[in-house]
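The block underneath contains the structure these notes are about, expressed in structure tokens.
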Amino acid sequence: MAKKQGKVKKATRAIRKVVAKKPVARKKIVAKKVAAKKPTAKKATAKRAVARTPVPQKVVTRTPKISPNRMSWLDAEARTPIIDLYAQQLDSFISTIADGKVDEHEVQSQEARLVQLMQEIEPQLDDAMHEKVTRLLCELTAYDIMQVLHTMQQAQPRETFQG
């Protein structure tokens, strides 16, 4: 058994020498590998950064096609609405006003034409344009009501008759 113990001791010394030398060798090899990998790592990082940057998307703007014969909503010089002038030229308006009275049937006919146009146009509008056209219709309606009330107030006699 003594021989076996001696052999073990000798083997242990040899392993100790190899193990002691390996870390030094490993450090050099690791240092070489790290030095060799540093430029590669920078290139890979640079490539990743370029690949990850978002590509700006082109903004598609629709330019409306404007006919030279288009009727403007505003008077070019006075910057006042002139849609009421167009409304006064409508055949339906002229026939309603011709007798000087507006009856219930004429109001219902006008409402039906309005509803038909709204149903035709509303689905063609995107959300932003729908919001703007809705505001436009509301402002136009308020303007018309105010204009009618103002006209009626101007037509009232200012003084009461004292006979």
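Derived scalar couplings between HN and Hα for segment 122-131 equal 3, x, 7, 9, 6, 4, 5, 5, 4, 4 Hz in order, rounded to whole Hz, by the Karplus curve 6.51 cos²θ - 1.76 cosθ + 1.60 (θ = phi - 60°), x for Gly and Pro.
For segment 56-68, 3J(HN,Hα) computed residue by residue from phi via the Karplus equation (6.51, -1.76, 1.60; θ = phi - 60°) reads x, 8, 6, 8, 8, 10, 8, 9, x, 7, 10, 7, x Hz, glycine and proline entered as x.
Ordering of 64-74, 118-128 by packing is 118-128, 64-74, highest average first (other Cβ atoms within 10 Å, averaged per residue).
Distant-in-sequence amide contacts of I82, defined by a placed amide H-H separation under 5 Å and a gap of 5 or more residues or a different chain, comprise L74, D75.
Here, each number is a calculation from the coordinates, and none is a lab measurement. Because the structure is predicted, anything quoted here is derived from the model rather than measured. Note that each Cβ is placed from the backbone with ideal geometry, even for glycine, and that neighbours are counted across all protein chains shown.
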